Every structure is written in C-alpha cells, then in structure tokens.
Amino acid sequence: MRPFRYHRPADVAEAVAVLAAEPQAAYLAGGTNLVDLMKLGVQRPDLLVDVTRLPLDAVAELPDGGLRIGATVPNSDLAAHPVVRRDYPVLARALLAAASGQLRNVATTGGNLLQRTRCVYFQDTGKACNKREPGSGCAARHGQNRDLAVLDWSEQCVATHPSDLAVALAALDAVVEVHEAGGARDVPLAALHRSPGEHPERETTLARGALITAVRLPALPAARRSTYLKVRDRASFAFAVGSVAAVLDLDGDVVRDVRLAYGAVAHRPWRAYRAEDELRGRPFSPELAARAADAELAEARPLRHNGFKLPLTRAITVRALTELAEGTPS
Amino acid sequence: MSAGAVGRAYPRLEGREKVTGAARYAVEYPVDDVSYGWAVPAAVVRGRITRVDAAPALALPGVLAVVHHGNAARLAPGSDRELWLLQEPVVHYRGQFVAVVVATSLEAAREGARLVGIDYDAGPHSTVLTSDHPGLYRPDHVNPSYPTDTAEGDFDAGYAAAPVRMDATYRTPAYHNNPMEPHATTAQWRDGRLLVHDSNQGASSVQATLADLFELPSESVRVIAEHVGGGFGSKGYAKAAVVLAALAARQVDRPVRLALTRQQLFGPIGYRTPTIQRVRLAADTDGRLTAICHDAISQTSTLHEFAEQTAVYTRSMYAAPHRRTTHRLVRLDVPTPFWMRAPGECPGAYALESAMDELATAVGMDPVELRVRNDAEVDPDQGQPFTSRNLVACLREGARRFGWADRDPTPRARRDGRWLIGTGVAGSSYPARARPSSAAATARADGGFLVRINATDIGTGARTAMWQVAADALGVPPERVEIRIGDSDLPVAPVAGGSMGTSSWSWAVVRACEALREKLRNAPDGVPADGEVTAEVSTEEEVGGQPMLPRYAYGAQFVEVRVDVDTGEVRVNRMLGVFAAGRVVNPTTARSQLIGGMTMGISMALHEEGVLDERYGDWVNHDLATYHITGCADVERIEAHWIDEQDAELNPAGVKGIGEIGIVGAAAAIANAVHHATGVRIRELPIRLDKLLGLSALA
C-alpha cells in the first residue's frame, strides 16, 4: 500500500484544518472500510487523520425528546443503548443486522454513513469504474450487477449505498452535524448522499474536509413502533439484497403517519416518500402496503441481473408494515 | 493390540498450540534477514508481455528486486506448465503471476507490486463454459485415470422402452477453495540447498516437484509443513506460491516470505470447475432402474488438462442393465481447475442424487425406498462384489434418527407461518483407497517411542490419529508415543488428499511398529541404555499388491429446510448424516471432518458461486465479502453419525477415510428439500432467493 503519514488531532477544529491543508488526507475512524480500500489500492491517502480520540463518543438525550449520537459512537454501543432500543427500535435492528460483531465494535456512526459502495468493480483496480477513476467507464452497467441499483442510477454508476444504519436514519429524518472549515452546519440525512448522476465519484454533499461530529434524531414517538427488515444471501454477515426501515403510526386502522426507507436499491439510502403518500390517511391493509411499494418502485429501472429486487422490496415492505400494524415485528 | 487408543476421543495433540497462537504456520517462522515477496498478477486474459518496467517499483525505498520472465532463474523445461512461472512472456489467463516484487517490508512489496509497469499485447479470449462450446472435446481419460466414457447394455433402447423416464440438466458454478491460511511459503537458499516452510497437503510431493523444477537432487530440498491451515485439495500439489518464493529468494539471495492474498486465491490456485450435467434415468413402475445416463461437461485450461471425473460417481452408485457415462471438456483461457473436496464425486452426486429425487416423484415412490430398491451388491462398473457397502444401512439409520417415516411426499404441503418446510435425502459415496507410504518407529531407552512419517495435518487431526494408531500397534499407552509429521526429512508419505491420508499413513505406521516390535523381540537385552532401536518400512509392495476391488465408503444425508414464502430465503433447519466409513480412529476429529464436509455442502448448495465476467475473464466476486461461504448462523442443527463397519479388505487399521464423504450428496439433499418445501426444482446452484422469489403467487 502507499506509504502514508498518521496524525491524531487535538480537537475538531484542528482535524478540519489539517484536512483543509492536505489535499490527499483522509479521516480515519473505525477503519473497517478505508483500510481495506487502502490495501486494495482503491483509496490512496497520504495522511490519515485519526478522529477516534476526539470527544465525539457520547449519546445524549435532548430536551425536545430527541437523541444526539456522537460521530465516533461504535455501532455496537449504539445498538445496545437503552434509549435507542426503547424509542428507535428500527435503528437498533438496522445496526444489529449489519456486518459482524467484531466490525460493529469498531465501526463508528459517522464512518458508517461515509462508507464507500461495495460494487465489485469499484473494489478492483483492474476494472473500469467511474467512481474510482472518473471517466474510465462503468463495468457494472453491463456486467455482473445482481447486487446493484434499480432506482436513480446513471449510465456512469449503478452502485448502491451499503449502509443499514443510513437506511434507518433516513426513515427517522435524522440530521447530520458537520464541521467544515467555515464552521458547523446541519445536513438532513436525506440530503447527505448524492445520486450518482454525472459524478459518481462525489458520494455526499459534504465539502472536502468536512467532519461529521454527530447525528441527531428528532423526537418521534411513533418510532417506538418501528422495525428494520433485511434480506441477504446468508443468515448473517452479508450486505443487504433488500432492506426496509419502517415507522408506522396508526389511528385505529388509519395510517396517521408512516416513514419508509429502502436499502440496496439506490446510490443513497432511499426514502420512500411516494409510498408514504399512498399510505397516509388510508386504512391500513397489506394490499395498501403493496400498492404503496409499487408506487415507489414505479420508476425503477432494473439492470440485467437484479429485477428480483422489485418483488423483494415489495414483499418486505408489506411484511414490515403488516407486522407493525399487527404489533408483531419479527 | 492393547486396550486401544484407536476409537477413543482424544483432543488434537497440537490443539493448545493452535488456540494460543504458538503453532507456527508457513510465514510465521522467525528467520534472520527475511524479506517479503508480493506476487503480481497478469492484467490481461491472454497475450504476450511486451515490456516490463521495473524502475518505478525499484525506486521505492525497501524494494530489493522485481523478478519476472526476463531475469528469473531458469526452471527445468518440461515441468508442469502451471508451475513454470516467470519463464516466458506469455499470459494464459487473467491473474496468472507474471512477476514478484521483493522488499524489506510487506508494505513496500505490496506497493512495489502495484508500481511494476507491464505492457501486454492482448488477444481474444474465451472463458465461459457452455454446453455447445465449439471447443468441446473428449479427453483420453478423466482424473486420475478413469476411462472417459463407459457403456453397458444399450442405454438408448433401454431408456426408450421404459415406462418412467426423467431427463434433466444440472449446473454447478465455479467454486473456490478458501482455506483460512492462504497458499504461503518462507523460502531460503543455503549453499545451493533449498529450505521451504510451506503450506501444503504433502511435503514429500512438494519436495519432489521443487527438486524437479530447480534441477536439484531431492536431498537438497527440504519442505516443512508442520501446521497447515486448511487445504481442501487446493494445496494437494506444489502451487504457485512456493515456486515464486523460491525463485524470489534465489534472486535476492536472502530468505523470502510470500503469502497469496485472499483475492489471489480466486483462480491461480485452482478451483472446482463449473459443470453442466445431463442425467437421464429410466425405471419400471416399481422404481427399479433400467437405464442410467450421465453426460458431464467441464472446463480445463490451455496450460494443462484437468478432467474432473464428474460422472464417475454414477458408474458404481446404483444398478441398472443399461448404463452410459460420458465426459467432455473445453479448453478455456482460464486458470486450470484443481481439486476441491471430493472432486468428481461432489458435483456428480449433486446431479445424480437430484435426479433420483426427481425419479422418485415421477414414479410415486419414497426417495429413501427408491435408493434402497436400486442398491447394488456387485459393483455395476467393475462387476465384483463391494468389499463392504452399507448404503442401505446408512439410509435406514438416517431415516430413523431424522424422523423420516410418514413423510408426506407432496411438495409444498408443510407450512409454519411464512415458512414453507420441506425435507430431502441423498445418498453419498466416496472411494476408499490407499497409497504406498513409508514410516519409521523408534524405541528409546526410557521406554518411550518415536514414530516418524511425513504425513500432513491440514487441520483434520491426522497427527493425533497417527499417534493413536501407533500406540495400539506398539501395544503401549499413547502417552509413551511421540509422533513427528510434516517434514520432508521424515520418511516419505503421500499427500493428505483423496481421503487416503489415514488409510495410507496408518498402514505404514502399523507396519513400522510391527517391525520394531519384531526387532525388539529379537533383541533379548532390549534397547541399549545409551541408544535406541529403529525400524523403517515402506508399504510400496504390500499396497501395490493389494487386489483391485471396489472399496467405497457410503453415507446418507437428510435435510430439513424452510423457505420464506415472500422473499425466497432458504434456511437449513437441520441436517443429519449417517456414514459407513470403516473404523473411526478418533470420534472427535471424525465428527469435525464429517460435519465440516456437510457444512461445505450447505455452502455449495446455497451460497458459493464464482461469478465470472467474460469481458475481463475472471471472477468478479473474489473476496469473502462477495463470495459467500456458509457462516455459523446458517448451520442451526447439524449431526453426523456413523455405523460400525468392519471391512478386512481395506488396510491394517480398517479405515476408509472421512475427509470427503461428508460433502458428497449434501447439496442434492438440500436441493431436494427445497423442492419438497416449494414445489420448485432449481437445477442450477446455488439456490438463492432470486431463483425462488415470487412463490407467494402460488400460495
């Protein structure tokens, strides 16, 4: 791998300043993704700025009933947090469905959101990938694309975002707190990740050197009735081939509010606004859930090998919402 | 023999060293002045290397050398072409190793490998196996030396005349061996002699291969493989890593450690060939088979002919008057396929045992009873009685333990909430062979014994098993016996492969111990106080003189699966195997071998698939994140049992070998259970949810 330097900043401001001054630098948190990509030659930073010792590892309840999660809180700690388990089961379930116990122990909240795509062509420097090397082409578009996008892809990139956590956060309307050279700002999670478009190498809307410091969950009492369903090719330790995060608030049998987000279908966690619109205000039934999923997937454009993701996503939408309606999340 | 160590459950002798990290593997030996090698794979599928630019790599601090065809030591011409590495500017498959960068640190070697500039003149290639490939041909024989085709009776007429027929084609993908320890070597040259610590399945054969390649007398090559982190066949012979390490060490004149990366295991070390298998079965209305035909297609490389013996399983498994088997190959621009646990039998049994299930449905018969009805006392292939054949006993005992009785054969008849439940069965068989070996036994003055044999323990428990066998053969408690294996300085022994390790090695160990006891009997004063008495034997003559008889182990695999009616997810509720494999030396390690094989069968049936991209000519999912291997959570309940079996026609220890039979039939049992659960027959492995999705439309 490329020789690199290592720096441990004293505070957030210094971290951001170092990144601003070093065009080839990268933040190092859990390293579960970055270090692999460095070994593969896919990412080649010359300086790693280790943010794991910054004081960003607290989970705090907010006065408005929300929750503030420090960027370096490990996935396993967050999944086990009693408030998360009680108030945001969708989040705990998404975290526990991800990776392995060992990885969750070191993977962080902020790092998880910024993990790179898992497209096999991106990870192999011997193959064309616009994300890794802009302008080199997309080998996946007409290659082996079973695991890739059905929504919102471009001719330049058909990759999917691999995070389970991000899908849950999308459903919860989470807000990402970011420090940049110009100061702090809030970015809605739904606006954090980009569509691939003409520039798949740009995966987020963050400026270069921006550091995620926390993720804020708004108070959402309805989220106590929430779940995350993940389908994968083996029982554990595999990325989703389909996933859904769902929050359902019923008034009698009428859908008062609903939040739905999909994983494994697009370049970003996919908030299913159209499906939500179909559901809201109507008496819940599995058939309604299926129609809602169909509405969301109406514009899907499956690739050669991944047409199955449409019936799969539809099926897990129906299951997740029906289980929530019946009060029996599996 | 004494009260007997054989048959008792002992923990592995080296278990403590392994779990505490004290056991050393190939690149873990402390070596002075060591350097690190990193293999450089070819970036094209087929073509010529027109230029190697080593300068950027050599400019990197720490890089000592870039070894390639232009500067590497010459290997003997006429060697195995897969191993004739860095000798010519020709690329035969993508990923073929075309250079090695040597550096003073692993990191510098890796970065150096990235910096080597290689230009190619690439030609067109063909890398996908199809049933109508223009390059299909009939090899002269299939592995290791079976006839390519066989025929008895008149299959076409028998098939046409039968009242019940089934005709189906089954496909298996490329499967990639992924032992925990990759192919890895530490190589050192000293005064013209080569010492390698190498991860392999047989140090004697690696020694011989290296001696040939480097044109050395065999005593100038020493190969140590004391602990090996798995092989599954992929380390059965010398492979690229040891050759590259030896070439690199010669170039830089200092020791070199070289381990392949996980990604580099997908291809260059060999893999289980994809297969396309057509099976046709015909039967009377009572389920008695009248005609069997198994036509198998697989691939090989342009470098070396590797002819997987896919249909050989079918030659001896079930009886019928009209029988035919054929094998066809295609030479593709791919790495040469190689052994993977039960090569031939494993993919072949998937097809035949699936077809038997389809026939059971067609004839309206229980699949256990169908197999019992078609059992054979005489080998249909060789025409001689089997030395022992307990397939029926395994089926009966398995059915009893599993709770098979009263199974409703109707597909899609059992449901538990969202899960469709189904059960399946398959037969299993693997040849029980032995090879010549040598061994030495020494009596020491203190009453202890030392037994030496260049056997290899690739994680199976072989060291412990040989220790038990030796104790009984010496008639002493095992605590008085020391066993040494895994070093080519020890008496020559065959590889840990083909389920022949225990049978071959124990034969030599028993004979050596007997010879020692004979010597001691003739030495009235016993072992001299300041010395020892040694007997060394070879079983060459005895094994070679053994009559050719059909010797096989058998088994029966039972599986219950559940399939999610909405998502198509398949889970294995329980799996139970019963095996008849002669005498079991150590129940603890035997059980591990059997359930390990069965688990690998789950992996084959449900998870593993090398996904090839023809444009690039390689497998795109070349890591363990994307090439899925069954995990612990996929194995909910698994049991292996065995029946007592005495067979005097085998070998002195009465063993048949258990390394491979556990995987044979396992994938078919799972596929059959999935069909029983869903009514859907998937004939192309792996059985994944995208192939089953949409079942609710039928609900």
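Structure data summary
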read-out	value
Inter-chain shielding of A:235-242 (mean C-beta neighbours from other protein chains, 10 Å cut-off)	5
Long-range Cα-Cα pairs in region A:5-50 (distance over 17 Å), rounded percent	27
Protein-only accessible surface order, largest first, of A:Thr317, B:Thr290, B:Thr50, B:Thr130 at 1.4 Å	B:Thr50, B:Thr130, B:Thr290, A:Thr317
Residue mean of other protein chain beta carbons inside 10 Å, B:602-610	1
Ranked packing of A:59-66, B:570-577, most packed first, by mean Cβ within 10 Å	B:570-577, A:59-66
5 angstrom amide H check on B:Ser428, placed H, neighbours 5+ away	B:Gly555
Amide H partners (placed H, <5 Å) of B:Trp404, local residues excluded	none
Placed amide H near B:Ser301: partners under 5 Å, 5+ positions off or other chain	B:Phe306, B:Leu332
Pairwise burial B:A, computed as accessible area of each alone minus the pair, summed, 1.4 Å, Å²	2900
222 nm mean residue ellipticity, helices alone, for chain A (DSSP H n ≥ 4; -39,500 (n - 2.57); rounded to 500)	-7500 deg cm²/dmol
Chain B: equivalent-ellipsoid semi-axes (sqrt of 5 x gyration tensor eigenvalues, Cα, Å)	41, 35, 23
Over chain B: helical MRE at 222 nm, DSSP H runs n ≥ 4 each giving -39500 (n - 2.57), nearest 500	-7000 deg cm²/dmol
Contact order relative to length of chain B, as percent, for alpha carbon pairs under 8 angstrom and 6 or more apart	16
Test item: B:569-575 mean partner chain Cβ contacts at 10 Å	2
Unit charges on C-beta of K, R, D, E only; dipole of the protein assembly as shown, Debye	1160
Portion, in percent, of the accessible area of chain B that falls on carbon or sulfur, probe 1.4 Å	49
For region A:222-326: relative contact order, % (alpha-carbon pairs under 8 angstrom, 6 or more apart)	26
Cα convex hull of region A:176-260, projected area averaged across orientations, nm²	8.7
Protection-proxy order for peptides B:221-228, B:672-679, each taking the mean of Cβ atoms within 10 Å per residue, highest first	B:672-679, B:221-228
Peptides ranked, highest mean first, by Cβ atoms within 10 Å: ranges B:382-389, A:91-98, B:70-77	A:91-98, B:382-389, B:70-77
Between region B:203-219 and region A:238-315, the Cα center-to-center distance that results, in Å	63
Space enclosed by the convex hull of the alpha-carbon atoms of the protein assembly as shown, per residue, Å³	180
Region A:5-50 - percent relative contact order, Cα under 8 Å, separation 6 or more	56
Dimensions (Å) - region A:222-326, Cα atoms, principal axes, largest first	41, 30, 22
Cα lying deepest toward the dipole's positive end in chain A, options A:Val175, A:Gln102, A:Ala293, charges on Cβ	A:Gln102
At most 12 other Cβ within 10 Å, DSSP loop - GluC sites (Glu not before Pro), region B:288-356	none
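The values are calculated or read from the model by the stated rules, or taken from the named source; none is laboratory data. Computed from a predicted model, the values in this text were never measured in an experiment. Positions of Cβ are backbone-derived with ideal geometry, glycine not excepted, and every protein chain shown enters the neighbour counts. For accessibility, only protein heavy atoms count, side chains too; no ligands or nucleic acids. Shrake-Rupley method; radii C 1.70, N 1.55, O 1.52, S 1.80 Å.
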